[in-house]
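The values are calculated or read from the model by the stated rules, or taken from the named source; none is laboratory data. Everything numeric here is computed off the predicted structure, so don't read it as measured data. Cβ placement follows ideal geometry from the backbone for every residue including glycine, while neighbour counts extend to all protein chains displayed. Keep in mind that these areas ignore ligands, DNA and RNA; they rest on the heavy atoms of the full protein, side chains included. Shrake-Rupley method; radii C 1.70, N 1.55, O 1.52, S 1.80 Å.
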Amino acid sequence: RKIGFIGKVRARILLNTLHSAIKKGQNIDSVLEHSLTIKTSFIQRYDYMIKLFTGGHIKYSFLLGFLFLKNNPSYKKTVISIGEKIGIIRQIFDDINDYKKEHHEPLGDLINSKKRLPELIFLLNSTDKEKTDLQDLLKNPKENFSKIADTILNIKVKNIIREKIKAIKNEIDLDLEKYDALVFTSKNA
């Protein structure tokens, strides 16, 4: 693409900003992984981490796309917001899919002490006995796969995740309405 010197500088700035966001997300991931206690605030940290990671990848891809198109439409921020939220939902689904045998690394996050949304919600809402039972099951994760998945993704955890996804989808719907209004206004201007 012929985006010129200024375009190349802007592209490099966008990529450097994405790289910084990824590093910040990795730091959050490390804090969550190595924390021996679980706090309610960890859900907010997780949310921010996936906004930086997966949401950031889509956000900055869209920003680069607009840069390459040399286009700055009125709806640009709205489209970028939608993309970022789609990335967030995609990451939540990936974290849930970790509890399916066909996932590329079943139970990988749990076994590697990563604390993703299902684990955080489970740990925040489980009894000491449930946590102990999980630790016992994790002594043989291959044999206990189904029991581990059912323990972590219990009804309460599923309902909390479902509500979280529903809230994000509602935000996307609002963004889509905003997009429609901006496109309609720009066509009629």
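Summed over region 95-122, residues that are in contact (Cβ under 8 Å) with a residue 24 or more places away in the chain, surrounded by 13 or more Cβ atoms within 10 Å (Cβ to Cβ) and not hydrophobic (A, V, I, L, M, F, W, C) total 7. Against the numbered list (1) over 24 Å from Ala21 (Cα atoms); (2) among the hydrophobic types (A, V, I, L, M, F, W, C); (3) open to solvent by 20 Å² or more (accessible area, probe 1.4 Å); (4) part of a helix (DSSP H, G or I), Leu36 comes up short only at (4). Do we find a residue being of a type in the set (Asp, Glu), closer than 25 Å to Met49 by Cα and surrounded by 13 or more Cβ atoms within 10 Å (Cβ to Cβ) anywhere in region 123-131? No - not one qualifying residue is present in region 123-131. Residues that are out of contact with any Lys or Arg (no Cβ under 6 Å at 6 or more places or on another chain), among the β-branched types (Val, Ile, Thr) and either open to solvent by 80 Å² or more (accessible area, probe 1.4 Å) or assigned to a helix (DSSP H, G or I) (or both) are absent from region 168-178 altogether.
The residue list Leu67, Leu15 contains one member that is open to solvent by 60 Å² or more (accessible area, probe 1.4 Å) and farther than 30 Å from Ile152 by Cα, which is Leu15. A Cβ distance below 7 Å, combined with a sequence gap of six or more or placement on separate chains, defines the contacts here; from region 143-154, residues that are farther than 11 Å from Phe122 by Cβ reach residues that are among the charged types (D, E, K, R) in the pairs Phe145/Lys101. For region 71-79, check the following and say yes or no: at least one residue is touching a residue at least 60 places away in the same chain (Cβ under 8 Å), of a type in the set (Ser, Thr, Tyr), over 18 Å from Thr17 (Cβ atoms) and open to solvent by 30 Å² or more (accessible area, probe 1.4 Å). Checking region 71-79: at least one residue is touching a residue at least 60 places away in the same chain (Cβ under 8 Å), of a type in the set (Ser, Thr, Tyr), over 18 Å from Thr17 (Cβ atoms) and open to solvent by 30 Å² or more (accessible area, probe 1.4 Å). Residue count for region 57-115, restricted to those that are among the hydrophobic types (A, V, I, L, M, F, W, C) and within 16 Å of Leu176 (Cβ to Cβ): 8. Cβ-Cβ contacts under 7 Å between residues 6 or more apart (or on different chains), taken from a first residue in region 29-49 that is over 10 Å from Arg116 (Cα atoms) and aromatic (Phe, Trp, Tyr) to a second residue that is assigned to a helix (DSSP H, G or I) and open to solvent by less than 70 Å² (accessible area, probe 1.4 Å), are listed as Tyr48/Ile28.
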